[in-house]
Amino acid sequence: MMNFDMLDKNQKYIIAVSGGPDSMFLLDNIYQNKEFDIHNFIVGVVNYKKRSDSDIDQQIVIDYCTRHKIAYYVKEVSQDDYLKYQQVSHNFQTIARDIRYDFFIELAQQYACAAVLVAHNLTDNIETYILQKQRNNIVEHYGLSPDSIYHSKFSANTIAIKRIMLNIRREFIIEYLNNNKINYALDYTNILGIYNRNVIRSELQDFNFADLLTEMENQNHANEKLKQVVRDYFIDNFGQINVPSFTSITDLRLQKMIIFNYFKIAKLTCLIINKKRKFLDEVVKEITSPKPNIMIKINEEYFLVKSYENVEIKTKAQLALTTVIINNTRQTYQWKNHIITESTKDNFTFFVSTDQLPLKITNDPEILKNVLLNGKQLTKIFIKEKINLLIRLNYVIIDKNNEIVAINDLLRAKLRKPSYLSEKCLLNEKYNFNQKEKFIIYFMIK
């Protein structure tokens with residue numbers, strides 16, 4: 001029956017109620033349980049305004065809450081809401097879910113609620129498992145997990161989700177509501193074949209629930225073993241994907257789980273959770289390819305970057321080719337997150353003479369290919385020394401004659417060992433400049 005042991009009697013909770021049979025069953029069972037104070041629960045209702053009878057569903061919830069003196073809060077979804085969430089997805093089910101849980105996050109913050117209770121039941125659990133098998137995607141848990149976390153796509157906020165009725169079949173729910181004369185609404189779209197879940201729902205009577213539950217339990221047991229291997233991989237590789245060790249893995253499923261968990265560690269699973277099933281296969285193919293430098297576009301903002309032995313998630317801004325001209329020493333300049341200002345001889349990052357102006361701070365290979373170090377083209381040195389693409393995309397500062405006057409710390413460390421750099425380019429050391437002080441300009445990079 002209901003797993004009330006998942007709840008803390010001293011905590012407050014949101015009950016997600018749509019007016020449908022499952023959520024009305026959940027609401028009534030919580031109300032009827034005298035071990036809980038109903039004042040520790042608030043009801044959250046979302047009206048998507050997509051069906052002609054959606055206001056009836058909303059009113060059913062309001063009537064129940066009013067009659068039993070339960071606090072309730074309603075969100076009626078506007079066209080502006082849909083436009084906002086369509087920036088992330090055009091799938092209605094995904095949009096509806098994000099709107100719903102972001103609303104619950106607002107309620108949880110305002111009323112100090114520990115989690116939201118949702119009315120997923122045994123039938124939903126089986127439906128989810130069948131969908132997961134059909135899609136053959138990487139999953140954290142086969143079927144529905146009793147506890148999970150929702151991460152908002154528009155903020156860093158999260159909310160805990162609890163499912164306390166995963167052992168209850170839908171047939172029992174309908175029987176309970178009818179016997180207790182509890183009003184509920186039926187969503188007619190649930191019987192239309194417009195969503196895969198609805199097709200499965202219509203065929204569930206042909207499945208043996210006991211066999212499917214056993215199969216799902218076995219799958220979760222195997223999945224936990226695989227997740228431990230993934231955890232060990234990230235411990236061994238300091239939380240990163242190392243290309244040689246990744247390529248040596250022969251189990252495609254394990255490789256895909258490593259990629260999925262890399263995004264999870266970065267708290268960016270929202271970027272790939274709704275990708276087509278072939279996406280992770282393509283990522284594995286690219287990472288294990290002999291190409292040393294690859295940028296895999298995830299969406300308009302994020303890229304997965306492979307460079308030699310490293311794989312990292314980067315934003316479009318971090319990868320952007322950017323050039324700033326420094327021609328006025330009295331002015332403050334910004335290159336991405338770095339601030340460049342004039343400084344003093346007692347505290348500086350680099351210095352130039354006045355006849356070296358203007359300077360360029362850049363990461364553009366078209367500009368840097370004209371820069372020579374010890375007679376060698378800088379961009380060719382990058383390739384010869386296998387300089388990571390992400391290090392290359394940091395700054396180099398050159399003067400009007402394309403001579404390097406400053407480089408970022410990571411690149412300096414890479415080029416210092418082969419002695420490509422002159423004494424002046426090693427920087428951070430007081431260089432004996434044999435010119436009059438008034439012709440020297442000192443700069444600080446922050």
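The values are calculated or read from the model by the stated rules, or taken from the named source; none is laboratory data. These numbers come from a predicted model, not from an experiment. Using ideal geometry, Cβ is built from the backbone for each residue, glycine included, and neighbour counts are taken over all protein chains shown. Protein only, heavy atoms only, side chains kept; ligands, DNA and RNA dropped before computing areas. Shrake-Rupley method; radii C 1.70, N 1.55, O 1.52, S 1.80 Å.
The table below gives the values:
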item	result
All strands (runs of 3 or more DSSP E) inside segment 92-178 with 1 or more residues being at pLDDT 90 or above and within 20 Å of the chain's Cα centre (by Cα)	147-151, 158-165
Unique match (being in contact with a Phe, Trp or Tyr (Cβ under 7 Å, 6 or more places away or on another chain), farther than 23 Å from Ile325 by Cα and open to solvent by less than 50 Å² (accessible area, probe 1.4 Å)) among Asn388, Asn408	Asn388
Conditions (1) within 21 Å of Leu177 (Cα to Cα); (2) in a strand (DSSP E or B); (3) among the β-branched types (Val, Ile, Thr); number of the one not met by Val61	(2)
Yes/no for Lys360 being open to solvent by 30 Å² or more (accessible area, probe 1.4 Å), at pLDDT 90 or above, part of a strand (DSSP E or B) and among the charged types (D, E, K, R)	yes
Sole exception among (1) open to solvent by 60 Å² or more (accessible area, probe 1.4 Å); (2) over 30 Å from Leu252 (Cβ atoms); (3) in contact with a strand residue (DSSP E or B) (Cβ under 9 Å, 6 or more places away or on another chain) for Ile149, by number	(2)
Residue ID - least open to solvent (accessible area, probe 1.4 Å), chosen from residues in segment 23-72 that are modelled with pLDDT under 95 and of a type in the set (Gly, Ala, Ser)	Ser54
Any hit, segment 221-229, residues being assigned to a helix (DSSP H, G or I), open to solvent by 90 Å² or more (accessible area, probe 1.4 Å) and not aromatic (Phe, Trp, Tyr)	yes
Cross-chain or 6+ apart pairs with Cβ under 9 Å, segment 392-412 first and at positive phi and of a type outside the set (Asp, Glu), then modelled with pLDDT of 85 or more and open to solvent by less than 20 Å² (accessible area, probe 1.4 Å)	Asn402/Leu368; Asn402/Val371
Residue in segment 367-388 that is at pLDDT 90 or above and in a strand (DSSP E or B) present	no
Cβ-Cβ under 9 Å pairs, at least 6 apart or on other chains, segment 210-225 side closer than 21 Å to Asp251 by Cβ, far side among the acidic types (Asp, Glu)	Asn223/Glu140
Hits in segment 274-328 - residues which are closer than 20 Å to Arg253 by Cβ, out of contact with any helix residue (DSSP H, G or I) (no Cβ under 8 Å at 6 or more places or on another chain) and open to solvent by less than 90 Å² (accessible area, probe 1.4 Å)	Lys275, Phe279, Glu286, Ser289
